[in-house]
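Participant: Got a structure for you, written out below as structure tokens; questions coming shortly.
The values are calculated or read from the model by the stated rules, or taken from the named source; none is laboratory data. All values reported here derive from a predicted model rather than from experimental measurement. Methodologically, a virtual Cβ is constructed for each residue, glycine included, from the backbone with ideal geometry; neighbour enumeration extends over all protein chains shown.
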Amino acid sequence: MIVTLEKAAQLLTTGHVVAVPTETVYGLAASIHHPLAIANIFTLKKRPSDNPLIVHLANAEELYRYAQEIPATTFALVKAFWPGPLTLVLKANLSINNIIRADLPTAAFRVPFHPLTHKLLQITGPLVMPSANLSGSPSATSPEHVAHDFGESLPILDGGTCKEGIESTILFYNGSAWEIARLGAIAPEAFKPVLGYIPAIHKITSQDDKPLCPGQMYRHYAPKAQLELCQEIPEGASIVIGFSDRTYPPGCKVIALGRSDRPEEVGRNLYTVLRDLDTANILAALVDFNIPDEGLWLTIKERLVKARA
Ligand code: TXA
Ligand code: MG
């Protein structure tokens, strides 16, 4: 059910859940002051309770109200990337409810860029928002995707199709440097001019190590179709997820992600392509995985690997 900005604000401030657009993906929003609505998000999404939520703020100044022990370099990051698809994990103060943090001492914060959501946050105050998809499914990048997962009765603020189409990049501070906890819409290299270094991508080193982002433990972004990632598409392939500027063996049906020299375009289309596989009842497809190991391609590759699992 599409609702106006005013209605969305009224619902959120009275303890309801509303789907809200951001420049990355749609979020399933609740006010940080309404624990029952937050609990409802976990139920609606079928999300494990040990997977914390990102707190979305109207502006960077609010960060200083909800986080503590903020590293000095945070200011430069925030100045360069907020509003935008950057999430920072910082020590939270106690006004961030346990249910949001999943009992961690930290919380994740982001100031989104989408103009509608920026206006909404100014009225409602901070909102928690996981991606507006059922746990394990590809994220939602349009109101239609949200309605598909949650039905027509869920209130949706229609902000059109998401510009980035891929979730925010999550950084955390390890005590001496920032590291990437989740690859996202900002390429690792983009941090170099701001930080003087490219943050390392945090890797799980032993079986006992928990990933820094609890969400990384779970199955993700996956359509029902079995995906096979191929460096080269073999003759006789039947369905290929590939690029519009490449040629594939004759006879195969190509579902194009976009051009192979435009990672932003591919990022924007990725979840729609994965969701369309289910709509078309496609049970298996080969993916052209001949993709560079740099920039936004790293995020796209990571999502495809998870979509296959
Ligand atoms: O672009 C985005 O980030 C979207 C839009 C709606 O803002 N949101 C999003 O939320 O992707 P979600 O819940 O689907 O993913 C958030 C990730 C999860 O993997 C979660 O484990 C991690 O952030 N996270 C949240 N709080 C954390 C914390 N305190 N420490 C480490 N990871 C955290
Ligand atoms: Mg998600």
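Participant: Could you list all residues from the range 128-160 that are touching a residue at least 40 places away in the same chain (Cβ under 8 Å), assigned to a loop (DSSP other than H, G, I, E, B) and more than 16 Å from ligand 2 (Cβ to nearest atom)?
Facilitator: E152, S153, L154, P155, D158, G159, G160
Participant: Somewhere in the range 88-95, is a residue surrounded by fewer than 20 Cβ atoms within 10 Å (Cβ to Cβ), within 12 Å of ligand 1 (Cβ to nearest atom) and free of Cβ contacts under 8 Å to residues at least 60 places away in the same chain?
Facilitator: Filtering the range 88-95 for residues surrounded by fewer than 20 Cβ atoms within 10 Å (Cβ to Cβ) gives 91, 93-95.
Those left that are additionally within 12 Å of ligand 1 (Cβ to nearest atom): 91.
Keeping just the survivors that are free of Cβ contacts under 8 Å to residues at least 60 places away in the same chain gives 91.
Within the range 88-95, one or more residues are surrounded by fewer than 20 Cβ atoms within 10 Å (Cβ to Cβ), within 12 Å of ligand 1 (Cβ to nearest atom) and free of Cβ contacts under 8 Å to residues at least 60 places away in the same chain.
Participant: Hey, can you tell me all the residues within the range 133-187 that are more than 12 Å from ligand 1 (Cβ to nearest atom), under 22 Å from G215 (Cα atoms) and touching a strand residue (DSSP E or B) at 6+ places or on another chain (Cβ under 6 Å)?
Facilitator: Scanning the range 133-187 gives a single hit, W178.
Participant: Separate question: Can you pull out the residues in the range 50-82 that are of a type in the set (A, V, I, L, M, F, W, C) and crowded, with 17+ Cβ neighbours inside 10 Å? Let's see the steps before the verdict.
Facilitator: Residues of the range 50-82 of a type in the set (A, V, I, L, M, F, W, C): 53-55, 57-58, 60, 63, 67, 70, 72, 75-78, 80-82.
Across the range 50-82, the qualifying residues are L53, I54, V55, L57, A58, A60, L63, A67, L77, V78, F81, W82.
Participant: Of all residues in the range 161-194, how many are within 16 Å of ligand 2 (Cβ to nearest atom) and at positive phi?
Facilitator: 1
Participant: Quick check: is even one residue across the range 69-86 under 21 Å from D149 (Cβ atoms) and β-branched (V, I, T)? If you could, list the steps in order and put the result at the bottom.
Facilitator: To start, the set of residues in the range 69-86 that are under 21 Å from D149 (Cβ atoms) comprises none.
So far as the range 69-86 goes, no, none of its residues is under 21 Å from D149 (Cβ atoms) and β-branched (V, I, T).
Participant: If you take the residues in the range 212-226 that are farther than 25 Å from T279 by Cβ and away from ligand 2 (no atom under 12 Å from the Cβ), which one is modelled with the lowest pLDDT?
Facilitator: Of everything passing the filter in the range 212-226, M217 is modelled with the lowest pLDDT.
Participant: Please state which one of I186, I198 is buried (at least 19 other Cβ atoms within 10 Å of the Cβ) and part of a loop (DSSP other than H, G, I, E, B).
Facilitator: Working: I198 fails: buried (at least 19 other Cβ atoms within 10 Å of the Cβ).
One residue alone meets the criteria, I186.
Participant: Could you give me the residue pairs with C-beta distances under 9 Å whose first residue belongs to the range 25-44 and is within 19 Å of A140 (Cβ to Cβ), whose second residue is assigned to a helix (DSSP H, G or I) and aromatic (F, W, Y) wherever it lies, and which are 6+ apart or on separate chains?
Facilitator: Close Cβ pairs (under 9 Å, with a partner that is assigned to a helix (DSSP H, G or I) and aromatic (F, W, Y)) amount to V25/Y271; L28/F150; L44/F150.
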